[in-house]
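*Asks:* Pasting in a structure now, in structure tokens, and then I'll have a few things to ask.
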Amino acid sequence: MVPPHRRFAKWTWPLRALVHAEAFRARPSAYLQGVVWRARGLKLRARHRFSALMGQTRHAYELWIAGREPVLHAAIAHQHRGTAALVLVIDCRGADFALVDQTLTSIEGAEGQPAQIILLGCDPAMARGHGSVADSDALAQQLEEHGTAADERLWILAVSAGDRLAAPALAAYRAALAAAPGAVLFYADDDLIEPSGRRHSPHFKPRWNAELFAGHDYLSGSCAFAADPAAVRGAGPDWPRRALPLAGPEPVHIPLVLHHRGSRPAPRALHAMQPATLIADSPHVSIVVPTRNHVALLRTCMAGLAVTRYPAMDITVIDNGSNEPDTLTYLAELEASGIRISRQPGPFNYAAMHNQLVPDLRGPLLCLLNNDIEVIDPDWLAHMVPHALRDDIGAVGARLLYPDRTIQHAGIVIGVGGGAGHAHRLQPDSAPGYFGRAHLPQRVSAVTAACLVMRKDRFQAVGGFDAANFTVAFNDVDLCLKLNSAGWHSFYEARACLVHHESKSRGHDRRGPGRARLADELAALKRLWATDRIHDPFHHPELSQFTEQFVVRL
């Protein structure tokens, strides 16, 4: 039997050729560089380049629909066929007949049928005999009459008139409900659909992320949930969000595009979120800044710490063998002013230097800060500290920008390039990122140690950095993954924003011993954490792992 992906690949080549042409027209020099790499046998490097270029083209999603979606839909047929009572609730208020008809037509083509269809605020003539007309009070009454036991629970799919369900949507929900009987909320991926039927703007969603949901409602209109009748009764147009059982077990993500929507909620703007406030009895933070020469960078970093609005902190500078006179003079000045200088000469081993120092730090919180960080918001630390104090959070990272105000770090995605990559890297900071995620606080799998805040006892509880395997690179990723495994999640605080003059004092690892060492550290990350085989739960298996941008897998 021919595998499904092979069958579909045979007739998607014209569309793939179109996507290649669009990628070339958008950035011809970058595309040709990828061609050169491919010709030289640098297949992995070329794939990274083509993934980034092709994934941003107009027809990339259409290619995914033609090539990948049939494979995913075919897999649903092999899942357990649940029998849950799914009630489709269509909000018809203010909608015309054409929109209601589109939704009902999509249900007619679904695999399996809902137990009931209820049209809220609808003219009875629009129902076409496919469902009953009701208001929220009548819906609540039905929920109460049906009962609340798990085996007889009604599951609500609340959609707006004009939204359409994918053919396997009901089957996929029933399979998910059967596989996770304790859950009360399931959500799926979605896209937008035009009246012509053209689909675009897919939202491939992460594992449940409560903090991200606070800034972007990515559930309402694309989920199934066991509703509390009291939350439904008397509710207005926003009743689906109000009725979501968020206080129950963690919502379950179904990584399939099951909803085609006419519109959906937009992410909140970062400036609309709560500003930083100093907490009562702010805990003491010990800030650690490693350095070697490059006094101008260190001066900028220290000047930023001097204006940081936080009431209780101390600073330790780790000097890794500076020998330039200006740097030595400045270090002496810092020491005379009360800043601690920890002199650790020898080969640069970021992990070992910090492991040696941390036990002697004064504060219950520690802040790791590169010497090439420039403070542009004095409230950055006040934004980060409250998260580091939470019972469920380990490492907290900041939004870091290059000097040209493109993004350097917005959280770390595991699996990019077989190891890990910085989300949204090189994207203009003025752009929102993938559904606002560059500018919204959220859980992530890891954050960079270029600016990282965490509790000292948690650093020690997981053994600190792995100085044997990760002397320079990936030690922060390894640390975060160890924290995650212990139950302390990593957190990206987008409101803490600083400039990072990345690697200016240490240099890059593009040739010679540095390149070999980086290759060894990447190999260790793969060996210890299988980063070349797993999917980041806060990313998505249908987003490319060959680019730090959130583009569809092709």
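Read-outs: derived from the displayed coordinates by stated rules, not from any lab. Predicted model, so just to flag it, every value in this text is computed and none were measured. Because the Cβ atoms are built from the backbone with ideal geometry, glycine has one as well, and the counts that use them run over all protein chains shown.
*Asks:* Sorted by mean Cβ packing within 10 Å, highest first, what order do the peptides 216-222, 444-450 take?
*Replies:* Packing order, densest peptide first, comes out as 444-450, 216-222.
*Asks:* Right, next: Using only Cα atoms, find the angle between the long axis of helix 169-179 and the longest principal axis of the chain, and express it within 0 to 90 degrees, rounded to the nearest 10.
*Replies:* 60
*Asks:* Moving on. Relative contact order for the chain: what percent, with Cα pairs under 8 Å and sequence separation of 6 or more? It would help to have the intermediate numbers written out before the result.
*Replies:* On the way: 1108 pairs, mean separation 76.8, N = 554.
Result for the chain is 14 percent.
*Asks:* Cβ under 12 Å from Arg309's Cβ, Arg309 left aside: what net charge do those residues give with Lys, Arg +1 and Asp, Glu -1? It would help to have the intermediate numbers written out before the result.
*Replies:* Values: positive: none; negative: Asp377, Asp379.
Value of the local net charge: -2.
*Asks:* Using Cα pairs under 8 angstrom and six or more residues apart, how large is the relative contact order of the range 173-302, in percent? Each step should come with its number before you reach the end.
*Replies:* Working: 151 pairs, mean separation 43.4, N = 130.
It comes to 33 percent, rounded to a whole number.
*Asks:* Between the range 152-188 and the range 72-126, how far is it from one alpha carbon centroid to the other, in angstrom?
*Replies:* Measuring centre to centre over Cα atoms gives 10 Å.
*Asks:* I'd like the per residue volume of the convex hull spanned by the Cα atoms of the range 81-266, given in cubic angstrom.
*Replies:* Looking at the range 81-266, the number lands at 110 Å³ per residue.
*Asks:* Treating the angle as unsigned and between 0 and 90°, give the value, to the nearest 10°, between the Cα long axis of helix 512-529 and the longest Cα principal axis of the chain.
*Replies:* 40
*Asks:* From the helices alone, meaning DSSP H stretches of at least four residues, give me the mean residue ellipticity at 222 nm for the chain, per-run term -39500 (n - 2.57), in deg cm²/dmol to the nearest 500.
*Replies:* My calculation for the chain gives -9500 deg cm²/dmol from helical runs alone.
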